[in-house]
Structure formats: C-alpha cells, structure tokens
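Have a look at the structure below, then the notes.
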C-alpha cells in the first residue's frame, strides 16, 4: 500500500521573528560583503596594473579566473560543512564538532595542495593556453600563477575557519576573518607593495595577503579551540549528573 502525502508552501505559515532574521543576517551579510570585496580586489589589481600595459592586465585576469575555479570548489565543500558544524555546536556535541573541523581541514587542504602545486609547477603551460604568443602576458601570468599556487594550499584552512565562525553564530569573528583575504589585508598590500618592488608587488599582492590571512586564522582558531576546551568540561559534568 502506498501512502502519498501532499506538501504545500504558504507564506502565512512561515515564522518571521526578529531572532530568526537576525541569525540569517549574521551569515548573509558577511557573505554579501565577501563577494563585494572580491570585485573590489579585481578592480584594484586592474588599476595598479594599467600602467604596465594590457598584457599584464590580461595575465592577471587569467590568474584570477584560474584560482577562482579552485576557490569555488572549496566553497562548495564548505557549504556542506557549515550546517554540520552549526548543528553540533548548538547540540553541545563539541567532540563531533572538532572532528568535523579536522576532517574539513584535512580534505580541503589536500585538495588545495594538489590544485596549488599543479598551478605552480605548470604555470607557464597553463597561462600559455590563454594567449597566442603574447610573451609579456605569459611572463607576468606565469610568475603570478606560480606564487598564487604556492599559497593556495593555505586557502582550505583559512576558509574552514572563516566559515566556521559564521556557522557558530560568531558573526564578528567570521566577518573579520572572512574580510581579511581580499579586504583588510589585501587593500593595504596592493597599494603599498608596488611602491617598493614595482610590478612584482602587484603579482605577489594576493599571495602576501593569503599568508597574512592564514596567520590571522591560526590565531583566531587557537582562541576558539581554547574556548571549546573550557566549554566541554562543564558539559561533561552535566552529562554525568544526568
């Protein structure tokens, strides 16, 4: 015997409370800002690179598209990790939360290492596929792609924790960390570094920002795990009392 159930959606059945909307905005607004910062970073790169010619701009544009492809794959993985982290944190299952974080870091870092090293090792061949013999574009793109590939292995760790803070409802920490890579750290670097090392400052701006952002992620991750370690003790006592 087959049982069929009808499902219907009605707006009046939805509950739009201030608390629910606030929790949605904690994740939604930082995510919107991150996307805006991505556009800002591309604009700043083009502004700084315009004095070096169209070939350099084209080379950096190719690097941006190539690294974005790997970044989007990591983001897809993280979107599956976020609800798991948020649920276990809310349910006070901190051991499972820590296990989920470890698993996410391992797999995202493995992917980023393979992808990044591939870009670094085959940078010339990859960039050459975007042009028909433009030597200047290949030289600029190859150097930038190799540098971005080397620091891309940090991207998984950084993204796990920037997303984790948002999943745990820690909007301030998540916003600050998420804005580091292409905002808080990147903007000063892209403006200052070319003044010291010329065009190389533009090519290496994103890798330098990646390293600084990853260092910030390590500091904030240590603080978070210390907090979880203190929380787990009273939770264990409460479970034993039951």
Task: Alpha-carbon Rg/Rh ratio, for segment 144-209, with Rh computed the Kirkwood way - done: 1.07
Open item on the list: Place a point 7 Å from the Cα of residue 69 along the Cα-to-Cβ direction; which residues of segment 102-136 have their backbone N under 11 Å from it?
Closed with: 119, 126-127, 129-130
TODO: Quote to one decimal, in nm, the extra length available between residue 22 and residue 8 on full extension: 0.36 nm per residue of separation minus the C-alpha distance between them.
DONE: 2.4 nm
Task: Cα convex hull volume per residue for segment 55-109 (Å³) - done: 71 Å³
Task: Separation of the residue 33 and residue 122 label points, Cα + 7 Å toward Cβ, nm - done: 3.8 nm
Open item on the list: For the chain, take the longest principal axis of its alpha carbons; what is the angle in degrees between that and the long axis of helix 54-90, to the nearest 10 within 0 to 90?
Closed with: 10 degrees
- [ ] Would you calculate, for the chain, the mean residue ellipticity at 222 nm contributed by helices, counting each DSSP H stretch of 4 or more residues as -39,500 (n - 2.57) and dividing by all residues, to the nearest 500?
- [x] -28000 deg cm²/dmol
TODO: Return an integer: the convex hull volume of the alpha-carbon atoms of segment 112-242, in Å³ per residue.
DONE: 121 Å³
Open item on the list: With angles folded into 0 to 90 degrees, how steeply does helix 135-151 sit against the dominant principal axis of the chain? Use alpha carbons for both and round to 10.
Closed with: 30 degrees
Open item on the list: Once you keep just the Cα pairs under 8 angstrom separated by 6 or more residues, what percentage relative contact order results for the chain?
Closed with: 24 percent
- [ ] May I ask you to sort 117, 224 by Cβ crowding, counting other Cβ atoms within 10 Å and putting the fewest first?
- [x] 117, 224
Task: Tail beyond 24 Å, pair distance distribution of segment 1-125 (Cα, percent) - done: 57 percent
Task: Folded to 0 to 90 degrees: helix 94-121 orientation relative to the chain principal axis, Cα - done: 20 degrees
TODO: Beta carbons within 10 angstrom, averaged per residue: use that to sort the peptides 173-179, 53-59, 25-31, 151-157, highest first.
DONE: 151-157, 173-179, 53-59, 25-31
Open item on the list: I need the per residue convex hull volume for the chain, using only the alpha carbons, in cubic angstrom as a whole number.
Closed with: 203 Å³
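Where a number appears in this text, it was derived from the coordinates with a stated rule and is not lab data. None of these values were measured; they are calculated from a predicted model. Glycine gets a Cβ as well: all are built from the backbone with ideal geometry, and neighbour counts include every protein chain shown.
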